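The structure under discussion appears below in the form of structure tokens.
The values are calculated or read from the model by the stated rules, or taken from the named source; none is laboratory data. In this text the structure is predicted, and so the values were computed from the model without any measurement. Positions of Cβ are backbone-derived with ideal geometry, glycine not excepted, and every protein chain shown enters the neighbour counts. Only protein heavy atoms, including side chains, enter the accessible area calculation; ligands, DNA and RNA are left aside. Shrake-Rupley method; radii C 1.70, N 1.55, O 1.52, S 1.80 Å.
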Amino acid sequence: MKKLFVFISLASFLSAFSQEKVTEKDIYEVVNFVIENRKERLHEKGFKIKFLMRSKSDSAVYHYLNNKEENFYSIEENPNDFFTNDDIEFINKQIGDNLNFNFQQKLINQLKILSVEEYKKFGTGKEFWKNYDAKYGKKSFLEMMVPLFSLDKKTVIIEYSNITGSRGGFGEIVILKKENNNWKYFKNLSAWKF
């Protein structure tokens, strides 16, 4: 009986430990889901997405989850409606762990990665769009943060923006839920147009 108790305790511990690690597979499953879903929506609006760029700033999500006064997008929903305090602690750790994460082309479906280094070569403001359009045409790009997972990896918060230059653009912070092994949009926390 004692051996059975030790075995069950060890199995529970290992199961909990394995759920606390977000893998590349987890990340790219969500990234490719968002790309596919956003591409369809944007093509309907006449935008053609060519590139994906890694957003290096997770500050809007961090401020929202940690109830900071600088809640950039005035999100009214309480983070605890979607995440436990343990989830938020786990997400904050992911934000730190993801600082040097870069998307890998071989794991991204449909879009070419636009590196931060290449992005910077185009300059800023109007100069950026003149140089970008000269090289790639009037194609937009998707700027996306690394998805952030709850402890059970069934809920994700992610921020992304479709950048179209002088032609406009928009962005969103959304909650995704995994149901029956498929990701679904659960809640749009914030959306903006520019």
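Of all residues in region 157-167, those satisfying the criterion of being open to solvent by less than 10 Å² (accessible area, probe 1.4 Å) and at pLDDT below 85 are 162, 164. Filtered by the rule that a residue be open to solvent by 10 Å² or more (accessible area, probe 1.4 Å) and in a strand (DSSP E or B), region 130-150 gives a lone residue, 143. Would you mind stating whether residue 127 is outside any strand (DSSP E or B) and of a type in the set (Asp, Glu)? Yes: the conditions hold for residue 127. When 177, 187 are checked against the criterion of being closer than 20 Å to residue 91 by Cβ, open to solvent by 70 Å² or more (accessible area, probe 1.4 Å) and touching a residue at least 12 places away in the same chain (Cβ under 8 Å), 187 stands alone in meeting it.
Every condition in (1) at pLDDT 75 or above; (2) farther than 30 Å from residue 139 by Cα; (3) in a loop (DSSP other than H, G, I, E, B); (4) open to solvent by 70 Å² or more (accessible area, probe 1.4 Å) is met by residue 67 except one, and the failing one is (1).
Just one of the listed residues (72, 83, 90, 101) is part of a loop (DSSP other than H, G, I, E, B) and at pLDDT 90 or above, and it is 83. Number of residues in region 164-174 that are over 24 Å from residue 94 (Cβ atoms) and either assigned to a strand (DSSP E or B) or among the β-branched types (Val, Ile, Thr) (or both): the value is 3. Can you tell me which of (1) part of a strand (DSSP E or B); (2) touching a residue at least 60 places away in the same chain (Cβ under 8 Å); (3) not polar (S, T, N, Q) is the one residue 153 doesn't meet? The number of the failed condition is (1).
For region 87-113, the tally of residues that are under 19 Å from residue 37 (Cα atoms), buried (at least 16 other Cβ atoms within 10 Å of the Cβ) and free of Cβ contacts under 8 Å to residues at least 60 places away in the same chain stands at 0.
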